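The values are calculated or read from the model by the stated rules, or taken from the named source; none is laboratory data. On a predicted model such as this, the values are computed, not experimentally measured, just so you know. Note: ideal-geometry Cβ built from the backbone for every residue, glycine included; neighbour counts use all protein chains shown. Areas reflect the complete protein model, heavy atoms only, side chains present, ligands, DNA and RNA absent. Shrake-Rupley method; radii C 1.70, N 1.55, O 1.52, S 1.80 Å.
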Amino acid sequence: MTKSLRLVAAQLTDVGRRRERNQDNVTHVVPSDPNLLEERGALFVVCDGMGGHAAGEVAAELGVTTIREGYYAARGVDVVTALAQAVDQANQAIYRHAREHSELSGMGTTCVALAVVGGRAYFVNIGDSRGYLVRAGHMRQVTQDHSWVAEQVRVGVLTPEQARTHLHRNVITRSLGTQPAITADLFIEALRDDDRVLLCSDCLLYTSDAADDLTRV
């Protein structure tokens, strides 16, 4: 007998202190249809828009909406393929919308998405929005940032401490909608009872205290 999925989900977004418009967008779906829940599981998406005026806001909304709709519309394919197709559809939708509206030229969004299916967590990310796994009091970043400083850290040019204050720490090397085609990264984790997962944009600062708070919830 398949073990039933038991989860509690919450989402929160805030405009912050520097901008007048909120360029983040989030969604989560837990299907009420048991057959769809078994086949596609629950979906969670965070997009952090980029671009002047309302461009980032539009890109993030398009990203979240298209991934949500595309993922559950996919039929006859596995979870990984459904996620890949949904992300590709989102990239094309944002890229096409920007080309059709000159005032939104250059808009894009980072993205992290999570599908929880059959006891596994499927993380997909583009840019520096992140996915964390909290287990037994320890918080671990699952995804890898697509940013200039993160890539320099991975090859040993910069230390993590140097990356946090580097002049180019906000330079993103991949995003949805800025190119006609994009490649996302995929990470798969086997879940255990009492695991917690955090999806966030780069606006959420991680500290050891924050990890302790999450494990006490």
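Worth a mention:
- Condition broken by ALA115, with the remaining ones in (1) in contact with a Pro (Cβ under 8 Å, 6 or more places away or on another chain); (2) farther than 14 Å from GLY177 by Cα satisfied: (1)
- The range 90-108 residues that are among the aliphatic types (A, V, I, L, M), paired with ones that are open to solvent by less than 60 Å² (accessible area, probe 1.4 Å) and in a loop (DSSP other than H, G, I, E, B) (beta carbon under 6 Å, 6 or more apart): ILE94/GLY177; ALA98/MET107; MET107/GLY51
- Residue tally, condition part of a helix (DSSP H, G or I) and within 15 Å of VAL124 (Cα to Cα), over the range 55-107: 20
- Restricting the range 111-166 to residues that are farther than 18 Å from ASP185 by Cβ and small (Gly, Ala, Ser), the residue that is least open to solvent (accessible area, probe 1.4 Å): ALA163
- Which listed residue is at pLDDT 90 or above and open to solvent by 80 Å² or more (accessible area, probe 1.4 Å), from GLU39, GLU61: GLU61
- Taking the range 19-54 as the range and being more than 16 Å from ALA98 (Cβ to Cβ), of a type outside the set (D, E, K, R) and in a loop (DSSP other than H, G, I, E, B) as the test, the residues that pass are ASN22, VAL30, PRO31, SER32, GLY41.
- Summed over the range 151-195, the residues that are closer than 20 Å to ALA115 by Cα and in a strand (DSSP E or B) give a count of 7.
Here is a yes/no grid of residues against (1) at pLDDT below 95; (2) closer than 22 Å to GLY56 by Cβ:
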residue	(1), (2)
ARG99	yes, yes
VAL116	no, no
GLN144	yes, no
VAL149	yes, yes
VAL157	yes, no
HIS168	yes, yes
THR173	yes, yes
THR178	yes, yes
THR183	yes, yes
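- Filter result for ALA98 (more than 15 Å from the chain's Cα centre (by Cα), among the aliphatic types (A, V, I, L, M) and under 12 Å from LEU176 (Cβ atoms)): yes
- Count - residues of the range 66-83 that are surrounded by fewer than 19 Cβ atoms within 10 Å (Cβ to Cβ) and either under 13 Å from the mean Cα position of the chain (by Cα) or closer than 21 Å to LEU133 by Cβ (or both): 1
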